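Comments concern the structure below.
The values are calculated or read from the model by the stated rules, or taken from the named source; none is laboratory data. Small disclaimer: the values here were computed from a predicted structure and weren't measured. Here the Cβ positions follow ideal geometry from the backbone for every residue, glycine too, while neighbour counts run over all protein chains shown. Areas reflect the complete protein model, heavy atoms only, side chains present, ligands, DNA and RNA absent. Shrake-Rupley method; radii C 1.70, N 1.55, O 1.52, S 1.80 Å.
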Amino acid sequence: QEDLKARIASGIPYWKDVTARSTAEEISVTTPMGVFGADSAGVVVDMSGVVTAGRMREAVTLDGLRLPEGLVPGWATGLVPTRLSLDVAVGGFDLASPLRLVLDRFDLARPDAMTDADGAALLAALLPQGTVAVTLAPGTVEAPLYQLGYEGKMSAGAEAMPVGTARVTAQGLDAAIEALNGAPDDVRQ
């Protein structure tokens, strides 16, 4: 058991950083409803290993979205997004300290070696500031009739109410509302 604990501890941080980027171009997916497509799609995942300054980020982009003909009613074609981007990051957590705490209390002879008090200690070790920082980088949703922009940041934790700010911008709302006025009554309401 002690050898196992030492081997696990010696591996920390297991890795320092991992970044994965993927881009696909000229996407086409045939379904029973028709062919869906996009000019490009991208994903970025960036994260730290088991370190004290933990962070994780995921970003997604989609450009040139195309839906099967006839899937969207005529009044709504200008409302369907053709481009979008979303980029969310979380930081301010600690993965190394809770792992060390678990290793200190790990005992194969006592499956109940961890107590409720240890749970509180694990949470305190995971969130040394009591919160994590969540960031929404500037992103967009774009359609032929409108463009939305958004960004924000928030501090959130297990013991505190989330606190943050956000900014949303919009262009083309009059055109979008006009398109909705062409919708059937049950949809428009």
Those trypsin sites (Lys or Arg not before Pro) from region 15-91 that are DSSP loop and have at most 15 other Cβ neighbours within 10 Å turn out to be Lys16
If the label point sits 7 Å along Cα→Cβ of Met56, residues of region 92-119 with amide N under 13 Å come out as 92-95
re region 91-141: pairs of Cα atoms spaced beyond 19 Å account for a percent value of 42 percent
Taking only protein heavy atoms and a 1.4 Å probe, the highest-to-lowest accessible-area order of Lys153, Lys5 is Lys153, Lys5
Ranked by GNM mean-square fluctuation in the chain (Cα springs under 10 Å), the top entry among Asp63, Asp116, Asp87 is Asp116
Quick calc: nm separation of the 7 Å Cα→Cβ label points for Thr169 and Ala117 -> 5.4 nm
The chain, Gaussian network, Cα under 10 Å: of Val80, Val141, Val18, the residue fluctuating most is Val18
With Cα springs under 10 Å, the Gaussian network model of the chain assigns the largest mean-square fluctuation among Ala41, Ala76, Ala133 to Ala76
Quick calc, region 107-183, dipole around Cα centre from Cβ unit charges on Lys, Arg (+) and Asp, Glu (-), nearest 20 debye, gives 200 debye
Full extension between Trp15 and Met33 adds, at 0.36 nm per residue less the Cα distance, a length in nm of 2.1 nm
So Gln129 and Ala109, fully extended at 0.36 nm per residue minus their Cα-Cα distance, gain in nm 3.8 nm
Given unit charges at Cβ for Lys, Arg (+) and Asp, Glu (-), the dipole magnitude of the chain about its Cα centre in debye, nearest 20, is 440 debye
Region 56-189, convex hull of Cα, quarter of hull surface, nm² -> 13.0 nm²
Counting only protein heavy atoms and leaving out ligands, DNA and RNA, the solvent-accessible surface of Leu62 at a 1.4 Å probe, in Å² to the nearest 10, equals 40 Å²
Compactness check, region 1-108: C-alpha Rg relative to the 2.2 N^0.38 Å globular estimate gives 1.70
Over the chain, with neighbouring protein chains present, the accessible area per residue in Å² at probe 1.4 Å is 64 Å²
